[in-house]
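The values are calculated or read from the model by the stated rules, or taken from the named source; none is laboratory data. The structure presented is a predicted model; accordingly, all values stated were derived computationally and were not measured. Here the Cβ positions follow ideal geometry from the backbone for every residue, glycine too, while neighbour counts run over all protein chains shown.
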Amino acid sequence: LSAGLAVLLQMNPYTIFFCFGSMPFVIMYPFMKRITYWPQLFLGLAYNWGALAGWSAVAGSIDWTVALPLYAAGVSWTLVYDTVYGHQDKRDDIAAGVKSTSLLFGDHTKTVLSGFSAATISLMCLSGYMNGQGLPFFLTVAGAGSAHLLWQLKSVDINSPSVCWRIFKSNAWFGAIIFSAILADLAYDRITNTDDTEEQPSL
């Protein structure tokens, strides 16, 4: 906590103030399993606050037309991977009397997570559109990103803890796909801008 506070204090005042907005979700999350079947939602709201804080740290404020869809995409993605993760422990959760989306969705998990997966991709693309991302970003997110989430849903066995763990860990690759989409778009933008500059006649 001390290290985190030390990093936070290096940020601009807007970001420092804004980051404290996540504290209610951080505090509430550990108790939500006793209260609601949606603790994963509160995890997503807390965990993905970093997307908003990161934008604020760089820009000094938040463009909500871009950042809010990005945040929502992260929350939706969290519901996907943490629901899969929760299926590993569902027997223990039932015995302990705690709740989760894994128990709520039950045998309909794949169907429900298909919707959240589609929302993740759609919201990510909406955020990219509002930010002026180029074709490489959308092709990578909608193509490779969708393919990976589809593979997860096809491959997961919600009654096999080992398979659930493997699918949960594979979300690192989905994160890598999103990162590569950003890099590909940045590279494409720089190449095309360089070509445009070279084609301009000198005066």
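Quick look at the values:
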read-out: Candidates K99, K169, K154, filtered to the one that is among the charged types (D, E, K, R) and in contact (Cβ under 8 Å) with a residue 40 or more places away in the chain; value: K99
read-out: Among the candidates L79, L68, L104, residue that is under 21 Å from F31 (Cα atoms), surrounded by fewer than 20 Cβ atoms within 10 Å (Cβ to Cβ) and at pLDDT 95 or above; value: L104
read-out: Failed item, numbered, when G50 is tested on (1) closer than 18 Å to L123 by Cα; (2) modelled with pLDDT of 95 or more; value: (2)
read-out: Residue check, V98 of a type in the set (A, V, I, L, M, F, W, C) and not in a helix (DSSP H, G or I); value: yes
read-out: Condition broken by I191, with the remaining ones in (1) more than 22 Å from I121 (Cβ to Cβ); (2) aliphatic (A, V, I, L, M); (3) modelled with pLDDT of 95 or more satisfied; value: (3)
read-out: Criterion (assigned to a helix (DSSP H, G or I), surrounded by 17 or more Cβ atoms within 10 Å (Cβ to Cβ) and of a type in the set (A, V, I, L, M, F, W, C)) met by exactly one of L186, L149; value: L149
read-out: Lone unmet requirement of (1) more than 22 Å from L68 (Cα to Cα); (2) more than 14 Å from the chain's Cα centre (by Cα); (3) not aliphatic (A, V, I, L, M) for T83; value: (2)
read-out: Members of segment 16-61 found to be aromatic (F, W, Y) and not in a helix (DSSP H, G or I), listed by number; value: Y37, W38
read-out: Residue in segment 23-59 that is surrounded by the fewest Cβ atoms within 10 Å (Cβ to Cβ), counting only those that are touching a Ser or Thr at 6+ places or on another chain (Cβ under 8 Å) and over 20 Å from D82 (Cβ atoms); value: A57
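Here is a yes/no grid of residues against (1) over 19 Å from L41 (Cα atoms); (2) small (G, A, S); (3) without any contact (Cβ under 8 Å) to a residue 40 or more places away in the chain:
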| residue | (1), (2), (3) |
| --- | --- |
| S76 | no, yes, no |
| V84 | no, no, no |
| Q88 | no, no, no |
| H108 | no, no, yes |
| S114 | no, yes, yes |
| T140 | yes, no, no |
| L150 | yes, no, yes |
| P161 | yes, no, no |
